[in-house]
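The values are calculated or read from the model by the stated rules, or taken from the named source; none is laboratory data. Bear in mind that the values here come from a model prediction, so they are computed numbers and not experimental data. Note that we place each Cβ from the backbone using ideal geometry, even for glycine, and neighbour counts take in every protein chain shown.
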């Protein structure tokens, strides 16, 4: 059963990654692009956490007095803790830029900005 | 049973993602994104990553949504429909999905204890932590000590984002805002019920934040989560009592000092290790007993992380909220 | 054993309430009725589920944590509903008795 | 306490811990002084490391004293040393001259943020270069990227904002792809340490996740490095950034991404994936050549001086990639020498542009008409640096072109075709540099330029230091060449052929 879930997790990772990527590339709205970007990053988090799972294990918090308990892999979890914070930092900075763009151009649509700054 | 649940959640995740991309109302998209983050957090929890789930829930669903809403209030709520060129990206995207899915067949299956990822470095952490650091939560041990340098970098990523937002939004607004928004900024001030309940909740949120901060060595939690939780508590306070009251309670200069001070605290613990004869971020030299030294170091740097994250998230929130 | 059965009954009931609430939120004709459906069932459902889980946990630290969660849910759920309805009212959405018009507007 | 073993850590720690201090300093005018002093200290540390490396010293540093695959290891070899020299040198030199230019472009109450961001870029780039851990590279890449978005967005032109937004989107996608790549490698090997990865990837080299990882990492880093055709963010970002920021970032930001690209590819993949060298060559050589030709032609038609030079950067990145994609020691040496020399030439050119801009307040080509009469020293510096960019003998640019052409010719018959393209691209460079010179020297000055004076002394001085370095390294190329060839041999050392 877990085997199917394993593949399913990777496929969901691939799908969400590309849905996010599509939003970034094809949508003209800058906030939509940032939403897509944070989806893209979330997908990667899912991939890492999926690979940290060990069958029959629990969260990597040592339990006193319990022998031969197996634990999931802590390393990818640590990396993702870091990556989540990096993600929110990027989003915040991107939104600050969007706010400034709105003030400077009066729009947050890519085409309108191109039109406004073209000639 | 749990697998059925996991499959259900993952399917829901994909559906939410599609909905986020399809909807043209940005407000709806942001709310759906918060749901997406919560679903993701639940998934993480199923996959044994309690710390990550807590962080995703606090940071992804909580703080990110607040920042998005703050930015939406300053920009536009409605997206223009796209006019052209959606087939090329769709084609590129589909091909990439197929390639990734193809590669997944060679990967070790989920949960296989024999996978190389679980054979090489991770078992060492699981075995040696009790001996070297002696705290139960291995995620915290790896985060704060074995890979403490990464975490230092991460604190400075938050720091960079904070100064970036402050730098960008320190330009005075180009055109005067409409007077309509002044009513909005006081938030829920005139609503009795949310205010009463909110006031009741805020201290408990702080308490929970502190619990997460100091219980991080024993259970899920740590500096990031605590910083984010306490920041959301103060943001709730700002929504209830108005922006000015929150700034009155914690002025901007204090926030700035928190951001810089937390980062410096972290760095100084590292430098102290260097001065006392170890390498940078070597906590074992902080105390005559290396294990206690490690624990001291971890508590100190977790405090640094918590202070910086809390200060940075609040500074970012205020920078957006003030422009209203 | 008895506790186990009781707990499962509570859990199933709670799940049923939440399900009904979800259907209501989808099927009801306009904003206020939808919210009504979602919020009431949500509160009841969450009480039943948390109590059910408490029965499973027995007398331990987990039960106290669950109790705290329950109190939080009971405080925040209705408040959130109130705030939502209030915001809707303030933004000009009038509650209507006439469902047909409500359907066309929503 | 003996400082020498701590040098790799100090290289990052000194600037990164100065950033919060800069923010808290009062009075605010101190920010520039503190940043410059810190940057000079970083430069001194880099010089100490380079001299150590040249004496054959190996710098390995265990962060937190945890042994290598478990903790994070910093490791510096000759390849990292030369890049460190470029990064810290560019930052220190530009900062010394930058004060007036920054005063003119950024309001004084925002300057502490700006300088703190500058230090973060510096420490982020240095952190990428010194580390030996794949995930640590990601973290420091994000520090430097976020901070450089801040620097670029500091430009007073509103067009800087969409430009930096595009950079943010493409940069984040690049970083995320890199993260996916590391994750896939981690699944297969269980390690994040580059040296350990190199050993362990061998057993699983032919499996599809590793190939996918190679693809993701290469594309992600190519995005960050602005390798053609993923360079779309670069011209606008460089054009509308504050002038001194352009000088700093053009000299080193993309170079560091290229460093990671080359290091990852040669260190981890080349030696383990069968046929990877051929794939790499077939894929990269056409892109590199297209970059050199297309970007140079784009530069021909540009009306904005900074945009012209930015396109020229894309073309030069093409040369660097071309050298690396030959997968020979000579090619790689040429490539690394060119990273060094191009940083010198482009840094000097953008500094000269900063000199012009501080007096002219515009970088349009039409606005610099006849400016050579008013600012003879600035334009003389521009001409000399331009010669170095083209690759005229006696300048640093010539050395790397020479190595590149030698390396290409060693490839036999089709090497001659490549040389042909390099020569065409160099001729294009002659044309676009000439276009600027013609405007500055042989056009009548505009009426409005009447009051234009020579640029401020300190900015002019650092410009000339950069130009003289171009000439010095043109005649005495021993330091960069010895470091580069050592680096190239190291990177290709365990190759089968």
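The rows are residues; the columns are (1) more than 25 Å from residue A:50 (Cα to Cα); (2) more than 7 Å from chain A (Cβ to nearest Cβ); (3) surrounded by 14 or more Cβ atoms within 10 Å (Cβ to Cβ).
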| site | (1), (2), (3) |
| --- | --- |
| B:12 | no, yes, yes |
| B:59 | no, no, yes |
| B:66 | yes, yes, yes |
| B:70 | yes, yes, yes |
| B:76 | yes, no, yes |
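Restricting attention to segment D:90-100, the residues that are surrounded by fewer than 24 Cβ atoms within 10 Å (Cβ to Cβ) and touching a helix residue (DSSP H, G or I) at 6+ places or on another chain (Cβ under 6 Å) add up to 3. Comparison of A:109, A:55 shows that the only residue that is over 23 Å from residue B:45 (Cα atoms) and within 7 Å of chain B (Cβ to nearest Cβ) is A:109. Out of curiosity, is residue B:17 buried (at least 24 other Cβ atoms within 10 Å of the Cβ), facing another protein chain (nearest Cβ under 7 Å) and free of Cβ contacts under 8 Å to residues at least 24 places away in the same chain? It is true that residue B:17 is buried (at least 24 other Cβ atoms within 10 Å of the Cβ), facing another protein chain (nearest Cβ under 7 Å) and free of Cβ contacts under 8 Å to residues at least 24 places away in the same chain. Residue count for segment B:236-268 under the criterion of being within 14 Å of chain D (Cβ to nearest Cβ) and under 23 Å from the mean Cα position of the chain (by Cα): the result is 16.
The rows are residues; the columns are (1) touching a strand residue (DSSP E or B) at 6+ places or on another chain (Cβ under 8 Å); (2) under 30 Å from residue A:34 (Cα atoms); (3) more than 8 Å from chain B (Cβ to nearest Cβ).
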| position | (1), (2), (3) |
| --- | --- |
| D:165 | no, yes, yes |
| D:168 | no, yes, yes |
| D:182 | no, yes, yes |
| D:185 | no, yes, yes |
| D:190 | no, no, no |
| D:194 | yes, no, yes |
| D:201 | no, no, yes |
| D:208 | no, no, no |
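Looking at D:121, D:130, just one residue is in contact with a strand residue (DSSP E or B) (Cβ under 7 Å, 6 or more places away or on another chain) and within 12 Å of chain B (Cβ to nearest Cβ), and that residue is D:130. Considering A:30, A:17, A:37, the condition of being closer than 30 Å to residue A:114 by Cβ and surrounded by fewer than 24 Cβ atoms within 10 Å (Cβ to Cβ) is satisfied by A:37 alone. Of all positions in segment C:27-36, at least one carries a residue that is surrounded by fewer than 16 Cβ atoms within 10 Å (Cβ to Cβ), within 30 Å of residue C:94 (Cβ to Cβ) and at pLDDT 85 or above.
The rows are residues; the columns are (1) under 21 Å from the mean Cα position of the chain (by Cα); (2) within 16 Å of residue C:14 (Cα to Cα).
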site	(1), (2)
C:49	yes, yes
C:59	no, no
C:62	no, no
C:66	yes, yes
C:75	yes, no
C:81	yes, no
C:85	yes, no
C:88	yes, no
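Criterion applied to D:104, D:33, D:98 was being without any contact (Cβ under 8 Å) to a residue 24 or more places away in the chain, in a helix (DSSP H, G or I) and more than 14 Å from chain B (Cβ to nearest Cβ), and the one residue passing it is D:33.
Looking at the structure I just gave you, is residue B:262 closer than 29 Å to residue A:64 by Cα, surrounded by 23 or more Cβ atoms within 10 Å (Cβ to Cβ), modelled with pLDDT of 90 or more and assigned by TED's automatic domain parsing to the domain that holds residue B:160? No.
With respect to being more than 14 Å from chain B (Cβ to nearest Cβ), modelled with pLDDT under 85 and either part of a helix (DSSP H, G or I) or under 23 Å from the mean Cα position of the chain (by Cα) (or both), residue C:103 fits the description.
Of the residues making up segment A:25-35, those that are facing chain B (nearest Cβ under 7 Å) and either within 10 Å of the chain's Cα centre (by Cα) or part of a helix (DSSP H, G or I) (or both) number 5. Which residue out of D:105, D:54 is more than 23 Å from residue D:22 (Cβ to Cβ) and surrounded by fewer than 24 Cβ atoms within 10 Å (Cβ to Cβ)? After applying the criteria, what remains is D:54.
Within segment A:63-89, the set of residues being under 23 Å from residue D:172 (Cβ atoms) and either more than 7 Å from chain B (Cβ to nearest Cβ) or not in a helix (DSSP H, G or I) (or both) comprises A:76, A:79, A:83, A:87. Residue D:71 meets the conditions (1) touching a residue at least 40 places away in the same chain (Cβ under 8 Å); (2) closer than 30 Å to residue B:293 by Cα; (3) facing chain B (nearest Cβ under 10 Å) in every case but one. The failed one is (1).
Residues that are in contact with a helix residue (DSSP H, G or I) (Cβ under 9 Å, 6 or more places away or on another chain), surrounded by 19 or more Cβ atoms within 10 Å (Cβ to Cβ) and modelled with pLDDT of 80 or more: does segment B:171-186 have at least one? No, because not a single residue in segment B:171-186 is in contact with a helix residue (DSSP H, G or I) (Cβ under 9 Å, 6 or more places away or on another chain), surrounded by 19 or more Cβ atoms within 10 Å (Cβ to Cβ) and modelled with pLDDT of 80 or more. Considering segment D:434-455, and only residues there that are assigned to a loop (DSSP other than H, G, I, E, B) and either surrounded by fewer than 17 Cβ atoms within 10 Å (Cβ to Cβ) or out of contact with any helix residue (DSSP H, G or I) (no Cβ under 8 Å at 6 or more places or on another chain) (or both), the residue that is modelled with the lowest pLDDT turns out to be D:446.
Within segment B:209-228, the set of residues being assigned to a helix (DSSP H, G or I) and surrounded by fewer than 18 Cβ atoms within 10 Å (Cβ to Cβ) comprises B:210, B:211, B:214. Residue B:254 fulfils the conditions (1) surrounded by fewer than 23 Cβ atoms within 10 Å (Cβ to Cβ); (2) touching a helix residue (DSSP H, G or I) at 6+ places or on another chain (Cβ under 9 Å); (3) not in a helix (DSSP H, G or I) except for a single criterion, (3).
Once segment A:67-81 is narrowed to residues that are surrounded by fewer than 24 Cβ atoms within 10 Å (Cβ to Cβ) and out of contact with any strand residue (DSSP E or B) (no Cβ under 7 Å at 6 or more places or on another chain), the residue that is modelled with the lowest pLDDT is A:67. Are any of the residues in segment B:135-147 closer than 20 Å to residue B:303 by Cβ, more than 10 Å from chain D (Cβ to nearest Cβ) and over 21 Å from the mean Cα position of the chain (by Cα)? Yes: one or more hits. Of all the numbered requirements in (1) touching a residue at least 40 places away in the same chain (Cβ under 8 Å); (2) more than 8 Å from chain A (Cβ to nearest Cβ); (3) within 30 Å of residue A:102 (Cα to Cα); (4) part of a helix (DSSP H, G or I), residue B:81 misses one, and that requirement is (4). What do you reckon, is residue B:42 farther than 17 Å from residue A:38 by Cα, in a helix (DSSP H, G or I), at pLDDT 90 or above and more than 7 Å from every other protein chain (Cβ to nearest Cβ)? For residue B:42, the condition - farther than 17 Å from residue A:38 by Cα, in a helix (DSSP H, G or I), at pLDDT 90 or above and more than 7 Å from every other protein chain (Cβ to nearest Cβ) - is met.
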